[in-house]
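Contents: one structure, followed by commentary.
The values are calculated or read from the model by the stated rules, or taken from the named source; none is laboratory data. None of these values were measured; they are calculated from a predicted model. No Cβ is skipped: glycine too gets one built from the backbone with ideal geometry, and neighbour counts run over all protein chains shown. Surface accessibility is based on the protein's heavy atoms, side chains included, excluding ligands, DNA and RNA. Shrake-Rupley method; radii C 1.70, N 1.55, O 1.52, S 1.80 Å.
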Amino acid sequence: VNAKIFIRKNMYIVYIKGSESIEDTLTFMGAQQCTIELMNVKIFKDVRNKANRIANCDSANIDKVINAALKQIEDIKIIESKIGLENLSDELREIAELRLENTDMSLQEIGNSLKIPISRSGVNHRFKKLAKIADEIRGEMKNEKQ
């Protein structure tokens, strides 16, 4: 145990840092109940911190999924308004229509809902193709304005 000793107002003060050192000191002094209470507080804080981290991670993932879906919908609507979904390949049209009908679906769920199911990666690849088409349309629209 690494303890610091100093004098304050003519009294000796012993200062111990670190919960393990404090627990060891309390146990050595015969205060086992205090040691157990201190351990319980540490466990409670650890569980609460882990729950907060998990909740924050879940929240961040949900935000990421929602933002991606909104971007996909925006891309699809631009394509729909300028060239029409009927002018897309069957694969891209099916993905686009599924996304518009199911804004809250994950990529995996969309992939499983297709006539011929594909992986999450395959769905993502198709959305990238749609994004590229939408970006080309945006570029053309920008050029028209100039």
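Once phi is turned into ³J(HN,Hα) by the Karplus curve 6.51 cos²θ - 1.76 cosθ + 1.60 with θ = phi - 60°, what whole-Hz value does each residue of segment 67-80 show in order, with x for glycine and proline?
Calculated HN-Hα couplings, in order: 4, 5, 5, 4, 5, 4, 5, 4, 4, 5, 5, 5, 4, 4 Hz.
Indicate the gyration tensor shape class of the chain (rounded, prolate or oblate), computed on the Cα atoms with a ≥ b ≥ c the square roots of the eigenvalues: a/c under 1.5 is rounded; otherwise a/b larger than b/c is prolate and the rest oblate.
It is prolate, given that a/c is not under 1.5 and a/b is the larger ratio.
Once the dipole of the chain is set up with Lys and Arg at +1 and Asp and Glu at -1 on Cβ about the Cα centre, which of I5, I66, G139 lies farthest towards its positive end?
It is I5, whose Cα lies furthest towards the positive end.
Would you mind getting me the FRET efficiency between K82 and S59? Use the beta-carbon distance for r and R0 = 35 Å, nearest 0.05.
Using R0 = 35 Å, I get an efficiency of 0.50.
So, with +1 on the Cβ of K and R and -1 on the Cβ of D and E, and no other charges, what is the size of the charge dipole of the chain about its Cα centre, to the nearest 20 debye?
860
Using only Cα atoms, tell me the angle between helix 120-145 and the longest principal axis of the chain; keep it within 0 to 90° and round to the nearest 10.
With both axes taken from Cα atoms, the answer is about 60 degrees.
Going by alpha carbons, how many degrees (0 to 90, nearest 10) lie between the helix axis of 90-101 and the longest principal axis of the chain?
Compared with the principal axis, the helix lies near 60 degrees.
Take the solvent-accessible surface of the protein heavy atoms, probe 1.4 Å, and return the percent of it on the chain that carbon and sulfur atoms account for.
Carbon plus sulfur share of accessible area: 55 percent.
Which whole-angstrom value gives the distance between the alpha carbon centres of segment 89-122 and segment 56-86?
Taking the Cα centre of segment 56-86 as reference, the centre of segment 89-122 is 12 Å away.
Between exposed trypsin sites (Lys or Arg not before Pro) in the chain, where DSSP calls loop and at most 11 other Cβ atoms lie within 10 Å, what's the longest gap?
Of all site-free stretches, the longest is 18-114.
Which one, A31, A60, A68, has the greatest fluctuation when you compute a Gaussian network model over the chain with C-alpha springs under 10 angstrom?
Of A31, A60, A68, the Gaussian network model singles out A31 as fluctuating most.
Pick out, from T35, N124, L98, the residue whose Cα sits farthest towards the positive end of the charge dipole of the chain, with +1 on the Cβ of Lys and Arg and -1 on the Cβ of Asp and Glu.
T35
Quick check for you: with a 1.4 Å probe and neighbouring chains kept, what is the accessible area per residue of segment 31-114, in Å²? Write out the running numbers ahead of the final one.
Working: 5670 Å² over 84 residues.
Each residue of segment 31-114 exposes 67 Å² on average to a 1.4 Å probe.
So, with +1 on the Cβ of K and R and -1 on the Cβ of D and E, and no other charges, what is the size of the charge dipole of segment 67-146 about its Cα centre, to the nearest 20 debye?
I would put it at about 300 debye.
Contour minus end-to-end for N2 and E140, with contour as 0.36 nm per residue of separation and end-to-end as the Cα-Cα distance?
Taking 0.36 nm per residue and subtracting the Cα distance, the gain is 42.7 nm.
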